[in-house]
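The values are calculated or read from the model by the stated rules, or taken from the named source; none is laboratory data. Computed from a predicted structure; not experimentally measured. Neighbour counts are summed over all protein chains in view; Cβ atoms, including those assigned to glycine, are modelled from backbone coordinates with ideal geometry.
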Amino acid sequence: MSKKYVGSREWSTLPKIKLEQPIRDIPVIEWDRPNTFLTLGLRNTGKSTLTELLAVHHDKIVDLYGSKDNENLCWCRDSSPIDDILLVHGENTEIDSSWPSIPVNELSLKDIESYEGIVTCNSFFSSDEVKYEACTKILNNLYERFEWKKIIFVAMREAIDILYSRLNRGKGEKDIKIETMTFQRQLRHFGVSFGLDLLKWTGLDKEIRLLADYTIIKKVGWQELPGEIAWIGSYVRPDTFRYLNKNEMILLTSNGAIGYCTSPELKWHKEEGVDLLKELGIQIKHREAPEKSTQQKVGDKEHAEIIKKYDDTQSMLVVSNELSRSLSTISFHVSYHNEQIEELRYCPKCRRAQSVLETTQIHTTDRPISSDD
Ligand SMILES: [Zn+2]
């Protein structure tokens, strides 16, 4: 590897995976092209540390969600080799920290390109649903990366949850499998590497596992090797996988080279029982999420839009036509808005939608419309 720098980091100073013993040919990781790394291991077998180690060998890191303990925030520690970090949080969450932060709905590819590390964590989202939606939004940005020189490493700790939840619900298992494979293959063309980690082989379908350029096996307990790589049993004693230490692994490349490797400890990796939010002084406030619109019901954002449009046009007819809601619905929401402010001094619907009009009563020139108009 002739590289001098990766991102702002000096290649020679980075902690590295060490090949202790080649077992079949000599496995070599080609860092200068987009790859998929698949790591398998039980809990507490050093999977997360390894994902972080793979990450620092790439110019850019997008660290999606990990466990509930916000371990992804370790990049913000002084000991981390990444300084230039953007925190991404949910739309209805406010973050107070010394790192720049952005709500996921405002994040663009340009932002991703401008930072070395894009970091999210579990606590930055008000619910799992919001978190998975955000994940999709972040990944979709990468599809616009038609031009690239630097490889982005996307860390997907707990890969299955993220991969499968980014896909539309209501689809059959087969569709999801095909979509996931296409997604993985496509992002490669946009200069994106993946680090996926799994607890069980069966967490991902065989077809998806076969797309891995590097398969890293850590301590897996009693799980048997899956069919497609059962052949490595003739090179590595199957017992080995029951006894590997946290820093040990078997590395398998897509061209069939096998090696026994070790990895160093990372000083920035989160220790057990440490609250990184507290350590880094990051404050989080979740607002109530806006209610969504349905055909029968006007959600909070639509309510705010009705109020704003009516304030601008002073015509219920115009608003009704533009938003395809009945005149009586528009009339109802304008009155509701004004009544709420009269009573509570703010409109809860506008507040949840973060409208600037949340405390402003709207002057009405239309005569009120009753529901039988
Ligand atoms: Zn309102």
Name the pairs whose Cβ atoms lie under 8 Å apart, with the first residue in segment 342-366 and at negative phi and among the acidic types (D, E), the second part of a helix (DSSP H, G or I) and away from the ligand (no atom under 12 Å from the Cβ), and 6 or more positions between them or separate chains? D366/M316; D366/S331
Inside segment 290-318, can you point out the residues that are touching a Ser or Thr at 6+ places or on another chain (Cβ under 6 Å) and of a type in the set (G, A, S)? G299, A304
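Kindly indicate which of K301, K292, K309 is in contact with a Gly (Cβ under 6 Å, 6 or more places away or on another chain) and more than 30 Å from C74 (Cβ to Cβ). Break it down stepwise before answering.
On the way: K301 fails: in contact with a Gly (Cβ under 6 Å, 6 or more places away or on another chain); K309 fails: in contact with a Gly (Cβ under 6 Å, 6 or more places away or on another chain).
K292 is the lone residue from the list that is in contact with a Gly (Cβ under 6 Å, 6 or more places away or on another chain) and more than 30 Å from C74 (Cβ to Cβ).
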Which of the numbered conditions does T253 fail, given that it passes all the others? Conditions: (1) crowded, with 16+ Cβ neighbours inside 10 Å; (2) within 16 Å of the ligand (Cβ to nearest atom). (2)
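Considering only segment 90-103, I want to know if a residue exists there that is closer than 30 Å to T202 by Cβ and of a type in the set (G, A, S). Step through it out loud before you land on a result.
Here is the first cut: in segment 90-103, the residues closer than 30 Å to T202 by Cβ are none.
Looking through segment 90-103, none of the residues is closer than 30 Å to T202 by Cβ and of a type in the set (G, A, S).
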Which residue, of E358, E343, is under 23 Å from E288 (Cα atoms), within 11 Å of the ligand (Cβ to nearest atom) and either in the same structural domain as V298 (by TED's automatic domain parsing) or in contact with an Asp or Glu (Cβ under 6 Å, 6 or more places away or on another chain) (or both)? E358
Subset of segment 1-58, residues of a type in the set (K, R), more than 21 Å from G117 (Cα to Cα) and modelled with pLDDT of 90 or more, comes to K18, R24
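So if I check each of I232, I216, which one is at negative phi and not in a helix (DSSP H, G or I)? Write out each step before concluding.
Numbers: I232 fails: not in a helix (DSSP H, G or I).
Answer to the check: I216.
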Flag for Q314 being surrounded by fewer than 12 Cβ atoms within 10 Å (Cβ to Cβ), away from the ligand (no atom under 16 Å from the Cβ) and not assigned by TED's automatic domain parsing to the domain that holds A55: no
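Could you tell me whether any residue of segment 259-281 is within 16 Å of the ligand (Cβ to nearest atom), in a loop (DSSP other than H, G, I, E, B) and charged (D, E, K, R)? Reasoning before the result, please.
Just the residues of segment 259-281 that are within 16 Å of the ligand (Cβ to nearest atom), to begin with: none.
Checked segment 259-281: no residue is within 16 Å of the ligand (Cβ to nearest atom), in a loop (DSSP other than H, G, I, E, B) and charged (D, E, K, R).
With respect to L244, is the statement that it is modelled with pLDDT under 90 and either crowded, with 16+ Cβ neighbours inside 10 Å or touching a Cys at 6+ places or on another chain (Cβ under 8 Å) (or both) true? Spell out how you get there, then give the answer.
Details: modelled with pLDDT under 90: no; either crowded, with 16+ Cβ neighbours inside 10 Å or touching a Cys at 6+ places or on another chain (Cβ under 8 Å) (or both): yes.
It is false that L244 is modelled with pLDDT under 90 and either crowded, with 16+ Cβ neighbours inside 10 Å or touching a Cys at 6+ places or on another chain (Cβ under 8 Å) (or both).
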